[in-house]
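The values are calculated or read from the model by the stated rules, or taken from the named source; none is laboratory data. Computed from a predicted model, the values in this text were never measured in an experiment. Note: ideal-geometry Cβ built from the backbone for every residue, glycine included; neighbour counts use all protein chains shown.
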Amino acid sequence: MAQRNNELQIDWPAFINWFNQTLKLYGSNVPPIKYITKGKKSQVQRLVNEVGTKQLLVDAVVHMCKSDFLNGHVKTSSYVRGFIASFVWLVENNERLADVANGRYDNPPEQELSPEEKWQLEKEKRAMEREKRRAEAEEIIEEEREARRRQREYDAAHAATPEEIERILAGNPLPKLKPTELTPHQRIFNNDI
């Protein structure tokens, strides 16, 4: 394909390879490019030529790979898993390409906390740990109460009657059975059959 006056040409096989390798390098969730249609190639070519440099496209791809938001790591109300960008989304128009390249979707910078903020954060962390330990202790106490309650129910269900207690204390643990109350097995040994 012959280059027109001052047009920047994109080597598409090399670009696709670079794009997919960049995704892997940054561990991006953005889907790799499998193929690009002729219409999309001409659209991207037009965008690059309007801007006058391929660097904007390169910067946009790198920023897209680094962005937590564009990789679905930031949950929004609109998306259950978070928004994941794509190459097609990136090159939709010049404004979007420029926004991504200029860092609009970059991760917020880690802010250095003042000593007071660090102290407050540490205080809140300790309070949360105390609350967690208190909740765990309450859970253990409640489990012990439940075990004691179950034991009392079991004991009540299996408790000896006053007559049985009296019999045991008198030294006669087994009641004397009348011959009619003997089991067939006992009658065999007593020759009552």
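Within the range 47-75, the set of residues being polar (S, T, N, Q) and outside any helix (DSSP H, G or I) comprises THR53, SER67, ASN71. Within the set GLU117, GLU112, GLU142, GLU131, the sole residue that is surrounded by fewer than 10 Cβ atoms within 10 Å (Cβ to Cβ) and among the charged types (D, E, K, R) turns out to be GLU112. Inside the range 92-143, residues that are assigned to a helix (DSSP H, G or I) and within 15 Å of LEU56 (Cα to Cα) make up a count of 8. Could you check, for the range 62-69, whether at least one of its residues is charged (D, E, K, R), in contact with a Gly (Cβ under 9 Å, 6 or more places away or on another chain) and surrounded by 14 or more Cβ atoms within 10 Å (Cβ to Cβ)? The answer is yes, given that some residue of the range 62-69 is charged (D, E, K, R), in contact with a Gly (Cβ under 9 Å, 6 or more places away or on another chain) and surrounded by 14 or more Cβ atoms within 10 Å (Cβ to Cβ).
Answer yes or no: is there a residue in the range 134-146 that is in contact with a His (Cβ under 6 Å, 6 or more places away or on another chain), among the β-branched types (Val, Ile, Thr) and modelled with pLDDT of 90 or more. No - not one qualifying residue is present in the range 134-146. Being of a type in the set (A, V, I, L, M, F, W, C) and in contact with a Lys or Arg (Cβ under 9 Å, 6 or more places away or on another chain) is a description that applies to VAL91. A Cβ distance below 9 Å, combined with a sequence gap of six or more or placement on separate chains, defines the contacts here; from the range 6-33, residues that are assigned by TED's automatic domain parsing to the domain that holds ASP68 and under 15 Å from GLY72 (Cα atoms) reach residues that are in a loop (DSSP other than H, G, I, E, B) and of a type in the set (Ser, Thr, Tyr) in the pairs SER28/SER67; VAL30/SER86; PRO31/SER86. Of everything listed in (1) assigned to a loop (DSSP other than H, G, I, E, B); (2) surrounded by fewer than 16 Cβ atoms within 10 Å (Cβ to Cβ); (3) touching a Leu at 6+ places or on another chain (Cβ under 8 Å), the single unmet condition for VAL30 is (2).
Considering the range 34-45, and only residues there that are assigned to a helix (DSSP H, G or I) and in contact (Cβ under 8 Å) with a residue 12 or more places away in the chain, the residue that is nearest to LYS66 (Cα to Cα) turns out to be VAL44.
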